[in-house]
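Reading through the structure tokens given below for one structure.
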Amino acid sequence: MSVATKTAHIDHVHVASTRRPLPAGRPRSWYILHNRRRKAMRLAIALLDSGVYAPGYATDRKIRTAAEAAGVRQPSEATCELVRTLLRQHR
């Protein structure tokens, strides 16, 4: 008896709310981390919408495919790891 694999396609993309300017006066590293977290959150939402709920199934390839579908630049390895961390915290 074989198990059929179910592939979910992203039929819609979470639309980000209107952007507000970031607060001034913070160190550059804060802005980099903040933007990485926003990107990771957007990708995590796209993965959850497509049916990927466990971090073990969120491979770099799936995360990068979700980024393509969401219209986001290709994430780095650090961002992919942050996406998996967010999915782990979801559970």
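Output yes when any residue across segment 40-49 is modelled with pLDDT of 95 or more and among the basic types (Lys, Arg), and no when none is.
So far as segment 40-49 goes, no, none of its residues is modelled with pLDDT of 95 or more and among the basic types (Lys, Arg).
Scan (1) modelled with pLDDT of 95 or more; (2) surrounded by fewer than 16 Cβ atoms within 10 Å (Cβ to Cβ); (3) of a type outside the set (Asp, Glu) for the single condition Thr79 breaks and write down its number.
Looking at each condition in turn, Thr79 falls short on (2).
Each row is one residue, and each column tells you yes or no for (1) charged (D, E, K, R); (2) under 13 Å from the mean Cα position of the chain (by Cα); (3) assigned to a loop (DSSP other than H, G, I, E, B); (4) closer than 12 Å to Glu81 by Cα.
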{"position": "Trp30", "(1), (2), (3), (4)": "no, no, no, no"}
{"position": "Leu33", "(1), (2), (3), (4)": "no, no, no, no"}
{"position": "Ala40", "(1), (2), (3), (4)": "no, yes, no, yes"}
{"position": "Ala44", "(1), (2), (3), (4)": "no, yes, no, yes"}
{"position": "Asp49", "(1), (2), (3), (4)": "yes, yes, no, no"}
{"position": "Tyr53", "(1), (2), (3), (4)": "no, yes, yes, no"}
{"position": "Ala66", "(1), (2), (3), (4)": "no, yes, no, no"}
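The values are calculated or read from the model by the stated rules, or taken from the named source; none is laboratory data. Please read all numbers here as calculations on a predicted model, not as lab measurements. Backbone-built Cβ (ideal geometry, glycine too); neighbour counts: all protein chains shown.
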